[in-house]
Each structure stands twice: as C-alpha cells, then as structure tokens.
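Please read the structure below before turning to the comments.
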Amino acid sequence: MAHGGLMFYGRENAESRGVTDFYTRAHGSEVAKKDPFALHLEEHEQLRKMYLEAEHEDAYYRDQSVFGDGISIEDTMGVLVKYKCGAILTYSLIAYSPWEGFRVVFNGTKGRLELDVVEMSYVNSGGEQGVEGALEKCTITLRPLFETPREIEVEGGLGGHGGGDPVLLNDLFGDGVGEDRFGRAADHIDGARSILTGIAANKSLKTEGVVFVKDILDLIV
C-alpha cells in the first residue's frame, strides 16, 4: 500500500506558497530567468543540440516549467510492501530534496547492512552535464549484532551512476557487458517483474487501500 501525491511541484502548490508569476517553458521567457528551477537549454551545447534544435522533429520541449499546468507525477511517496516470505519493505521518495542519491538498508536476524550513495547534482541545478549523476560518495557499513560496525570496501567504476552508465551504454550500443559473473543482466521478464511493485503502489494511491500483486497478474493474464 502507498500514500503520497504531488506536494511540491505543480501550479497549485506554487500558488499556495505565494508564487504569482508562471511560464510554460523556459526558452524565451523573461519569468524563467528568475526561476532557479528553470532549465535553460541554450546555455548547454549538448542540450541545445539534442533538444532545442531538434524540437521540429518530435515536438518535445524539455524545458517546461515544473510549476506549470498539467504537472501530475507524484513527487512525494511512502510505500509499504509485504512479501510472501515475511520480509517487509518500506520505501520513501522525496523528488524535490536538494540532495541526489539514495539510502538502502537491510535489517536481518544477524545485523544491519547500510548502503549510502550520494551523486553529483543534475545539470539543471547548475552541475556539469559531463558528471551528471556521477558518484560523489558511496559507503557500505556492516553492523553485526553484538559486534563492532565495519566499513566494506566498495569497488566503483568511472562515469555516471557509479560507473553503471558506461556499462549500460556499451551493452546497448557497443560490444556488450562481457562476462556477467554475478548474473546481473536483466531480460524482459525481469523488467516486467521490477515494475509490479510500482504499478501496485500507483493503484493503492488511487484506491487508498491494500493492493495484491497477484491480482494485477491475474488481470494481465
């Protein structure tokens, strides 16, 4: 089950905080020049070529205001998941936090394992696009019961998302990922499974009740 909604972005939320000046897109807007959330495509060569100068091809406007009309994606969410094995997952999303990264914690019968990841800021908040999503800090801490906590060495890679971006791009457009000794490569079935929790959470937001993944699978089948 899940709770959440659009609590920061969108026109209504901005108006509730006293904002009176709005714009549709940043390009060509005087109002956008005063908005720290605005994405100015013309100031970044790659973004200008990839999006601004290609708008006649697909009519996609990447620099639309996050406080404009029609914004509907939830920016705040809390999800509670219970698995058949008895494990419980709690998930929290704050999409407007001035912090890029995530924290993952496993609590078990023999202790606690913590993963703390901090990434570089995205380009529309002033960062360099070349390091967008690049790893700033990654720590793994093992806290066994009745023992002294200890740090686990993390082997990272170069590039965005802890070295994951170059591996992904090479898999899609290059020679492949090579040896997959940890079995991390995902197929279309894994992709379908990975989204089921999200689908159930979105349904729970609408119904304000508990949603069973098996019921969603029954509908699909």
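Nothing in this text is a laboratory measurement; each read-out follows from the coordinates by a stated rule. Just so it is clear, the structure is predicted and the values come from calculations on it, not from any experiment. Glycine also receives a Cβ, built like all others from the backbone with ideal geometry; neighbour counts cover every protein chain displayed.
Things to note:
- Hydrodynamic radius of the range 6-58 per Kirkwood, over alpha carbon pairs, in Å: 12.6 Å
- The order of the peptides 145-151, 199-205, 87-93 by mean Cβ neighbours within 10 Å, most packed first, is 199-205, 87-93, 145-151.
- When each of His40, His27 is scored by the number of other beta-carbon atoms lying within 10 Å, the sequence from fewest to most is His40, His27.
- Averaging the sequence gap over all C-alpha pairs within less than 8 Å and six or more residues apart, then dividing by the number of residues, gives the chain a relative contact order of 18 percent.
- Calculated log₁₀ intensity ratio I(q)/I(0) where the Debye formula runs over C-alpha points of the range 1-121, q = 0.23 Å⁻¹: -1.34
- Divide the volume of the convex hull around the Cα atoms of the chain by the residue count and you get 204 Å³ per residue.
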